[in-house]
2 protein chains.
Amino acid sequence: MSPARVESGAPTALLERAMEILSCFDPKHSALTLTQIAEITKLPMSTCHRIVGTLEAGGFLSKGSDRKFRVGTKLWTIAQHAPLSERLRESALPTLARLYEETGENVTLAVLDRGQALYVDRLVGERSIPTISRAGGHLPLHTTGVGKVLLAYQSEKAIEQYLSQPLPKPTPQSITQPDALRKDLAEVRKNGYSITRQEMTRGSGSIAVPIMRNGKCVAAVGVIVHLNRLDVNRLVSTLTDAAASIAAELDGH
Amino acid sequence: MSPARVESGAPTALLERAMEILSCFDPKHSALTLTQIAEITKLPMSTCHRIVGTLEAGGFLSKGSDRKFRVGTKLWTIAQHAPLSERLRESALPTLARLYEETGENVTLAVLDRGQALYVDRLVGERSIPTISRAGGHLPLHTTGVGKVLLAYQSEKAIEQYLSQPLPKPTPQSITQPDALRKDLAEVRKNGYSITRQEMTRGSGSIAVPIMRNGKCVAAVGVIVHLNRLDVNRLVSTLTDAAASIAAELDGH
DNA sequence: GACTAAAGTTTCATGGGATGGAAGTTTCTG
DNA sequence: CAGAAACTTCCATCCCATGAAACTTTAGTC
């Protein structure tokens with residue numbers, strides 16, 4: 001028995017290890033050398049080398065001329081057939097494009113995934129302000145516009161469960177008191193939209209609305225704007241139209 | 001030794017099998033039952049069950065209430081960090097959105113991948129005509145606007161290699177004669193854009209231009225329009241601007 | 001609601017593929 | 001051009017994947 005297996009918490013099964021390796025690729029690590037992968041996963045070099053080699057042969061990873069590995073086109077191709085891409089993103093994109101053209105601001109589309117807001121898509125231009133959200137990225141529910149909407153329309157039980165965990169506070173304006181958040185979420189449900197002001201990033205705010213289907217909130221669309229451009233009435237009305245249009249597109253299929 | 005391993009052409013290694021299973025998900029099969037997966041991969045049910053179970057536990061697949069498996073959000077998230085998504089798509093999206101708004105037509109963005117045109121993104125609305133191309137899908141190089149561009153800017157050797165294989169002919173208008181294609185491609189290089197007329201789909205044509213970076217064609221943007229709306233001059237000029245804008249965006253990073 | 005065929009799940013003895021330390025090779029770096 | 005770091009190959013050992021068979025659940029039929 002090799003010691004590494006007993007001592008480290010590394011996964012034992014080959015497949016789990018392979019998934020672990022693929023999971024190394026995140027927003028901060030889109031290109032990794034073999035050594036870096038071995039370090040992150042704590043796998044022996046030779047084992048890592050073999051698995052990475054197989055993944056590369058299958059097109060799941062690809063090695064650049066800089067000796068760094070990146071996510072391969074095969075994996076990307078498969079992922080395009082996820083319901084997330086195929087139905088939601090595809091249906092929403094034209095509307096998001098219009099929204100982007102109309103407002104000139106950062107436009108984001110998100111769903112609830114593992115207790116966080118998963119950004120399915122975003123449109124960012126030079127005109128709009130830089131943001132942390134990115135397609136494929138996760139952010140907390142209580143500090144983002146789309147997140148608050150997604151949370152507000154969950155069952156009371158799910159909301160309480162979310163509130164019962166320690167909540168990150170990325171800025172001083174972030175609301176992390178359960179009671180304050182409960183009130184905030186009730187407001188969201190009443191108004192049909194959420195607002196955040198510097199709760200995730202200093203200097204910017206956001207507005208988001210739900211995309212409803214069969215009485216359930218399946219996704220949220222939002223815009224992120226500079227604080228002094230936060231024209232609530234105008235944006236809410238534009239967003240509500242967009243959400244209705246996306247919902248109609250979804251039902252059309 | 002179990003007979004299946006020797007007799008069938010099924011992959012032997014676990015990881016290859018897992019990749020095989022994930023590869024079952026394509027444009028025609030975005031949701032599959034366990035039995036279907038076992039049929040396609042020709043794997044024994046029990047083996048298939050175990051691997052699929054592990055993939056599901058890792059979030060690479062997800063089981064719906066209809067007992068069908070779909071590509072999971074974890075896999076999708078990882079794929080978003082492919083250079084294809086992270087750099088190209090992200091940089092191009094605002095420009096594609098503008099292009100879509102301006103023309104109201106089907107807009108597509110593609111790269112060369114394994115001898116085919118890989119559609120990185122597309123924007124389709126109700127106004128535009130239905131197409132076969134879809135994000136994550138592959139189509140031949142010689143029958144599509146973006147494909148011709150991608151092929152035209154390859155090395156002569158690569159072009160000859162492409163022409164040496166049997167070329168599919170989806171419509172009577174498809175050009176499959178090597179000589180005719182060579183002339184066509186020379187024309188593309190001379191003009192800086194490609195045109196197709198009913199070479200992939202009856203009734204529609206397309207125009208595409210290259211996105212150049214460091215003297216190399218890294219991608220192609222195109223529009224697909226109804227034949228009688230094929231206003232070449234106007235579309236070429238709009239597309240050329242868009243390509244330049246995307247190239248600038250790519251260099252900006 | 002009983003009956004049944006199909007789909008899905010669990011079990012378990014077996015041996016072949018995965019394992020990882022060590023040695024060898026290539027590629028950076030100063 | 002050393003020396004180190006990164007990468008690749010090797011191979012004896014043995015653990016874990018394997019898949020047939022038995023079992024359970026689900027869906028469809030009368």
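Nothing in this text is a laboratory measurement; each read-out follows from the coordinates by a stated rule. Nothing here was measured: the structure is a model prediction, and the numbers come from that model. Here Cβ is always computed from backbone atoms with ideal geometry, including for glycine, and neighbour counts include all displayed protein chains.
Tabulated results
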{"quantity": "Mean separation of Cα contacts under 8 Å, 6 or more apart, over the residue count of segment A:88-212: relative contact order %", "calculated": "19"}
{"quantity": "Label distances, nm, A:Pro130 versus same residue in remaining copies, Cβ-directed 7 Å point", "calculated": "4.5"}
{"quantity": "Residue-averaged beta-carbon neighbours from other chains (10 angstrom radius) around B:67-76", "calculated": "6"}
{"quantity": "Whole-Hz couplings from phi, Karplus 6.51/-1.76/1.60, listed for segment B:42-52; x for Gly and Pro", "calculated": "6, 9, x, 3, 5, 4, 4, 4, 5, 5, 4"}
{"quantity": "Chain B - Kirkwood radius from inverse mean 1/r over Cα pairs (Å)", "calculated": "20.0"}
{"quantity": "Listed peptides A:25-36, A:112-123 by packing density, highest first (mean Cβ within 10 Å)", "calculated": "A:112-123, A:25-36"}
{"quantity": "Computed Rg/Rh of segment A:65-126, alpha carbon atoms with Kirkwood Rh", "calculated": "1.07"}
{"quantity": "Over segment A:194-241 - Rg/Rh using Cα atoms and the Kirkwood inverse-distance radius", "calculated": "1.03"}
{"quantity": "Cα convex hull volume per residue for the protein assembly as shown (Å³)", "calculated": "174"}
{"quantity": "Cleavage-rule hits, GluC sites (Glu not before Pro), segment B:166-253, DSSP coil, Cβ neighbours within 10 Å at most 10", "calculated": "none"}
{"quantity": "For B:Glu16, label point 7 Å along C-beta direction: distances to other copies, nm", "calculated": "2.5"}
{"quantity": "Using θ = phi - 60° and Karplus 6.51 cos²θ - 1.76 cosθ + 1.60, couplings along segment B:72-87 (whole Hz; Gly, Pro as x)", "calculated": "x, 5, 4, 4, 4, 4, 4, 5, 5, 9, 5, x, 3, 7, 5, 9"}
{"quantity": "Length-normalised contact order of chain B in % [C-alpha pairs under 8 Å, at least 6 apart]", "calculated": "14"}
{"quantity": "Mean Cβ count within 10 Å, highest first, over the residues of peptides A:70-83, B:60-73, A:166-179", "calculated": "A:70-83, B:60-73, A:166-179"}
{"quantity": "Whole-Å distance, taken between Cα centres, linking segment A:119-143 and segment A:52-79", "calculated": "25"}
{"quantity": "Label point distance in nm, A:Lys63-B:Ala180, each placed 7 Å from Cα along Cα→Cβ", "calculated": "4.3"}
{"quantity": "Restraint check, B:Lys148/B:Lys216; A:Lys74/A:Lys169; A:Lys183/B:Lys63; A:Lys28/A:Lys190; B:Lys74/B:Lys148; A:Lys63/B:Lys216, Cα-Cα greater than 26 Å", "calculated": "A:Lys74/A:Lys169; A:Lys183/B:Lys63; A:Lys28/A:Lys190; B:Lys74/B:Lys148"}
{"quantity": "Shortest-first nm distances, A:Arg202 label point to equivalent points in other copies (7 Å, Cα→Cβ)", "calculated": "6.4"}
{"quantity": "Average other protein chain Cβ within 10 Å of Cβ, residues B:41-54", "calculated": "1"}
{"quantity": "Number of partner chain Cβ atoms within 10 Å, mean per residue of B:128-140", "calculated": "2"}
